[in-house]
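What follows draws every value from the coordinates through simple rules; no lab data is involved. Remember, it's a predicted structure, so these values are computed and weren't measured experimentally. Cβ atoms come from the backbone with ideal geometry, glycine included; neighbour counts cover every protein chain shown.
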Amino acid sequence: MSQIDVHDDKQDLIVEAALKRFAHYGPAKTTMNEIADDLRLSKALIYYYFPDKASLFTAVLEKILDDYFLEISCEANHAKSVEIALMNLNEVRHEFFTRYFLNMGLNRNFLEGNKNTIDKVVIKAMNREKNFVAELFEKANASGEMVINKIEEKAELYLDLIKGIRFSYIMPGSCTPLLDSATMQEINKKHQLLTEIFIKAHKNSN
C-alpha cells in the first residue's frame, strides 16, 4: 500500500487520518500539513511513507476497497440465498459509495489529475468484484437456486449493466461532485430492479 516495504502502525494511522480528512473536506482541499497536525506528527514523517498526496490518496482508496470487499464477503457468508447476497451487495456498494466517494466531493479535475494511479486501483477492484460475483453464481448453480452458464461472462455482464446505470447519470465535463444523494438513491433502486430481473431470468424453475 505504501511506498516502502516495511509496513507499520504509523502507515495505518496516516491512512486513517487522511480518510477522515478526505471524507469531510475532499482530497483537493486537504493538505499534508493538516494530516500531520491531526496526528501530531512531523510533515517529514508523512512524506517518508507517502511522497505526495496522490500516493496517500491511493492508499486511502485501497483501504476503502479492502473494507468494502470484507463487508460484502461477510454479508454473503451470512445470506440465506444467493439472491439475498446479490441484493446485499448492491446495498453495501451504495452505502460505501455514499459514505466515501460522494461525501469526498471528488470532481473530474481531481480524478483526471491522478488518472493513471486511480485507474490501476479501480481495474484491480473491478476484477476482484467480478470474481466475487462469479463465486456467487457458482454457489447458486451448486445449490440449484439458479442455472447460470458461462459464469465469468455473466458476472462481467451483470456488473457492466450495474456500472452502465450509474454512468448514465454522470454529466460529461462536469467539475462538480459527480452525483448527489437523491440521484444515488434513484440509482440504487434501479440497481436492485436490475438484480431482480437478472435473478428471475436465471431462476431454476425445477
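Report note on the peptides 59-67, 156-164: ranked by the mean count of other C-beta atoms within 10 Å, highest first, their order is 59-67, 156-164. Charge tally around residue 76: other residues with Cβ under 10 Å, Lys/Arg +1 each, Asp/Glu -1 each, net -2.
The distance between label points at residue 48 and residue 117 comes to 2.0 nm (points 7 Å beyond Cα on the Cα→Cβ vector). Between residue 33 and residue 157, the contour length at 0.36 nm per residue exceeds the alpha carbon distance by 40.3 nm.
Here's how it looks for residue 146: its modeled amide H is under 5 Å from those of 141, 204, which are all 5 or more places away or on a different chain. Straightening the chain between residue 149 and residue 124 buys 6.6 nm, computed as 0.36 nm per residue apart minus the Cα-Cα spacing. Projected onto its three principal axes, the C-alpha set of the stretch 9-202 covers 58, 37, 26 Å, listed from the longest axis down. Applying 0.36 nm per residue to the separation of residue 181 and residue 69 and subtracting their alpha-carbon distance, the gain on full extension is 38.1 nm. Rounded to the nearest Hz, the phi-derived 3J(HN,Hα) couplings of the stretch 181-190 under the Karplus curve 6.51 cos²θ - 1.76 cosθ + 1.60 (θ = phi - 60°) are 5, 5, 5, 4, 5, 5, 4, 4, 4, 5, where x marks glycine and proline.
For a paramagnetic label modelled on residue 95 (point 7 Å from Cα along Cα→Cβ), amide N atoms under 20 Å away belong, within the stretch 60-74, to 61-74. Here the simple spin-label model places points 7 Å from the Cα toward Cβ, and for residue 25 and residue 62 these points are separated by 2.4 nm.
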